[in-house]
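**Student:** A single structure is presented below for examination.
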Amino acid sequence: FAISIDENSQNENLQSHLLLDEKLYLCVSDRLLKNHVKNLEALKKKSFKKVDLKDFSKVPFLLYTQDNRIRSLINQSFKEADIRPNDYIETGYSRIALSICNKAIAAVFISQMNIKRWMDEFDDDINIFPIYSKGKPVTLGIYAIKNKNRYITKYAKRFVELLEEYFDSFHAEKLERIAKK
């Protein structure tokens, strides 16, 4: 078995099973937005359900390096919004995003699983907005992949069941939030 962010549909010997369409979120502090946005409260209200990246065109962003899968999804989202991001800093490490966001240096894109893991570490003035493109959430598929031609033991089947239970727990949780005043 393998857990992958790629379906790997090119190999006919492999069978993939979607565990989670992991949503991506824009995390940005009120302190940063106040410097770049005219009507903060209206923007927050509008972005709570779905971000229009055009509204954030003046905000500096932390972006992941070009070889990062999240970066390619975000690049596509910016392209579809017909804007070029104001890229302040670039990194290959997702953990730095939390620190950059909390220090109000730049807006960051963070995956659903990382938000859940770091939720207690976000400052109170951090907004968490869902990213949409073409009317759908921007997601990163997480797959369980196995060889079609191999026997699966009952222990391996149970392992997959446990994986599915774990990833199912992410579906119901709402992570969007507006910063406390």
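The values are calculated or read from the model by the stated rules, or taken from the named source; none is laboratory data. Because the structure is predicted, anything quoted here is derived from the model rather than measured. Methodologically, a virtual Cβ is constructed for each residue, glycine included, from the backbone with ideal geometry; neighbour enumeration extends over all protein chains shown. The accessibility values were calculated without ligands, DNA or RNA, using every heavy atom of the protein model including side chains. Shrake-Rupley method; radii C 1.70, N 1.55, O 1.52, S 1.80 Å.
**Student:** Consider segment 22-40. How many of its residues are under 20 Å from the mean Cα position of the chain (by Cα) and open to solvent by 70 Å² or more (accessible area, probe 1.4 Å)?
**Tutor:** Number satisfying all stated conditions: 0.
**Student:** Just checking, which of Leu98, Leu62, Leu43 is more than 27 Å from Ser4 (Cα to Cα), at pLDDT 90 or above and open to solvent by less than 40 Å² (accessible area, probe 1.4 Å)?
**Tutor:** Leu43
**Student:** Identify the residue in segment 110-142 that is charged (D, E, K, R) and in contact (Cβ under 8 Å) with a residue 24 or more places away in the chain and, among all such residues, is nearest to Ser99 (Cα to Cα).
**Tutor:** Once the filter is applied, the top-ranked residue is Asp123.
**Student:** Arg158 - would you say it is over 28 Å from the mean Cα position of the chain (by Cα), loosely packed, with under 15 Cβ neighbours inside 10 Å and more than 22 Å from Asn13 (Cβ to Cβ)?
**Tutor:** In short, yes.
**Student:** Output the residue which, of all residues in segment 161-181 that are basic (Lys, Arg) and part of a loop (DSSP other than H, G, I, E, B), is most open to solvent (accessible area, probe 1.4 Å).
**Tutor:** Looking at the filtered set, the residue picked out is Lys181.
**Student:** Continuing with the same structure: Looking only at strands (runs of 3 or more DSSP E) that fall completely inside segment 50-154, which ones have 1 or more residues that are of a type in the set (Val, Ile, Thr) and under 16 Å from the mean Cα position of the chain (by Cα)?
**Tutor:** Those strands (runs of 3 or more DSSP E) span 86-91, 108-111, 126-130, 139-147.
**Student:** List every residue pair whose Cβ atoms lie under 6 Å apart, where the two residues are 6 or more positions apart in sequence or sit on different chains, the first residue falls within segment 143-171 and is touching a residue at least 40 places away in the same chain (Cβ under 8 Å), and the second residue, located anywhere, is part of a loop (DSSP other than H, G, I, E, B) and open to solvent by less than 60 Å² (accessible area, probe 1.4 Å).
**Tutor:** So the pair list comes out as Ile145/Asn8.
**Student:** How many residues are polar (S, T, N, Q), touching a residue at least 12 places away in the same chain (Cβ under 8 Å) and farther than 18 Å from Arg177 by Cβ when one looks only at segment 8-35?
**Tutor:** Of the residues in that region, 4 qualify.
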